Amino acid sequence: MYGFHVRYLKTSMLLLAVLVGLSILYSYVSRPIFVVVLGGVFILGLSIAIGSNAWTQAGPAGTSDPEGAVTTPRRGARRRGRVELLSADATVSLADERRSAGIEDVFTALDRQLVGLVPVKKKVEEVASLLLVDRVRQRFGLEAPRPNLHMCFTGDPGTGKTTVALQMADLLYRLGYLEKGHLVHAMRDDLVGEFIGQTAPKTKRVLERAMGGVLFIDEAYYLYRAADSKDYGQECIDILLQFMENNRDKLVVILAGYRDRMDEFFESNPGMSSRIAHHLDFAPYTLDELLAIGRAMLDRSSYYLSPEAELAFRDYLTVRMGQPRFANARSVRNELERSRLRHAHRLAADPETSRSMDDLMRIEPADILASPLLTPSPLSALNRPT
Ligand SMILES: Nc1ncnc2c1ncn2[C@@H]1O[C@H](COP(=O)(O)OP(=O)(O)O)[C@@H](O)[C@H]1O
Ligand SMILES: [Mg+2]
């Protein structure tokens, strides 16, 4: 509230102590000795100041962050160095440009990590094409304002929004749009204060941390509380809007959350809506997609479902999908982690039996059926695929 920091209090106390010390010294020692001590104190103070400044500048990237997680920080920015201009009759191939930017790795990672999500992947491809053409145009010296890339990711929990945002940050970095390509995850509490005067510094601190990367605001609609006129969310939104406009080449903001609530948020905040250039909708997964996601997750950890366990898992998911707090791929991951625990427990319960490599990898129905959701379950007998 007072813009007053404990750090400054400590510095003032230290300076005061030095001054008192020097005045005492002045009355007890001869003048030449006093001048030497004074010079020493001055040099010491100067080196501490320079050292701490260098430390602050080299400091925070990638450390743990009370105001939102920082993920995949990048050491050192990719330089958008001076490129030699091509002549007007030169030709370039976009495939070569794609290779030189190294973006194939991002698409391979997206395909490998994420089952389905075809429309989302298509949209990511479109953004990549836009920036790729922009890059090539720059090589010919063709001027144009940098495209606006603030985005909105809508979808239910566990549909891959955060995962895609991380890949997007990497992509934008590789294509030279972002200097660092890290992702700062923030929610309302990281941005909005409870008392007057807290919101602006809070929001600005998070924005500073996100500079050069992506600021991912999860459940962004909580920033705005229409019913509460004393709420500081609007102050935060105003700062965000200004920052998004003035620093659009240094920071990409991704707002994320449920689709319907996001739509309401944009209706109440047309300024925000007009600054969002790309909307990516993450559809809930079908049962078959969830199963495929589960198989892929297990495969990455060298486990697999026996054919019977696969049927049991299908039954489990059918029940789980209709329950509260179902979180798509995250629920799949959680249940598979529990299955892994039961698998280990089953093997450990019979320690004298010799186990093969396959035994160590294979999840059996008992590892799934032990789930409280399926005991007893009439569904186990129904809905079996033929
Ligand atoms: N299509 C998918 N294929 C494989 N794993 C996925 C898929 N979508 C999400 N996941 C996994 O599910 C978990 C939750 O995803 P996340 O990106 O955090 O979802 P959200 O941000 O939408 O809540 C992560 O472990 C992620 O890797
Ligand atoms: Mg998320």
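Once the C-beta distance of residue 198 and residue 273 is scaled by a Förster radius of 22 Å, the resulting FRET efficiency is 0.25 to the nearest 0.05.
Which value, in debye to the nearest 20, describes the size of the charge dipole of the stretch 70-282 about its Cα centre when Lys and Arg Cβ atoms bear +1, Asp and Glu Cβ atoms bear -1, and nothing else is charged?
Details: 31 positive and 31 negative charges, 175 e Å.
Roughly 840 debye for the stretch 70-282.
Charging the Cβ of each Asp and Glu at -1 and of each Lys and Arg at +1, and nothing else, the dipole of the stretch 129-254 about its Cα centre rounds to 520 debye. In summary, the aspartates and glutamates within cross-link reach of residue 202, defined as a Cα separation below 14 angstrom excluding same-chain residues under 8 places away, comprise 65, 67, 189, 190, 194, 235, 238.
Backbone phi angles across the stretch 88-98, fed through the Karplus curve with coefficients 6.51, -1.76 and 1.60 (θ = phi - 60°), yield HN-Hα couplings of 4, 9, 6, 10, 9, 10, 5, 5, 5, 5, 4 Hz in residue order; Gly and Pro are listed as x. The H on the amide N of residue 193, modeled in the peptide plane, is under 5 Å from the matching H of 199, each at least 5 residues off or on a different chain. Here the 3J(HN,Hα) profile of the stretch 212-224, calculated from phi with Karplus coefficients 6.51, -1.76 and 1.60 at θ = phi - 60°, is x, x, 10, 9, 9, 9, 7, 6, 4, 5, 5, 5, 10 Hz, Gly and Pro shown as x. Exposure proxy shown here: for 321, 168, the number of other Cβ atoms within 10 Å sets the order, fewest to most, as 321, 168. In the frame of its principal axes, the stretch 287-380 has Cα extents of 41, 29, 21 Å, reported largest first.
For 250, 202, which order do you get if you count the other beta carbons within 10 Å of each Cβ and list the fewest first? Show your work: numbers first, answer last.
Values: 250 17, 202 22.
Ranked by crowding around the Cβ, least crowded first: 250, 202.
Modelled this way, with points 7 Å down the Cα-to-C-beta line, the labels at residue 356 and residue 259 are 4.7 nm from one another. Positive-end ranking of 233, 186, 197 along the dipole of the stretch 116-253, with charges on Cβ about the Cα centre, is headed by 186.
Give 123/180; 180/250; 121/204; 161/250 a once-over and call out the pairs whose C-alpha atoms are over 20 Å from each other. Show your work: numbers first, answer last.
Details: 123/180 22 Å; 180/250 9 Å; 121/204 32 Å; 161/250 22 Å.
Pairs exceeding 20 Å: 123/180; 121/204; 161/250.
For residue 155, the amide hydrogen comes within under 5 Å of the amide hydrogens of 257, 258, 259, 282, counting only partners 5 or more places away or on other chains and with H modelled in the peptide plane. Once the chain from residue 231 to residue 22 is taken as fully extended at 0.36 nm per residue, the excess over their C-alpha distance is 70.2 nm. Each residue in 108, 163, 154 was given a count of other beta-carbon atoms within 10 angstrom of its own, and listing them fewest first yields 108, 163, 154.
Rule-based calculations on the coordinates, nothing more; no lab input. Model, not experiment: these values are computed from the prediction. Cβ sites come from the backbone with ideal geometry, for glycine too, and all protein chains shown count toward neighbours.
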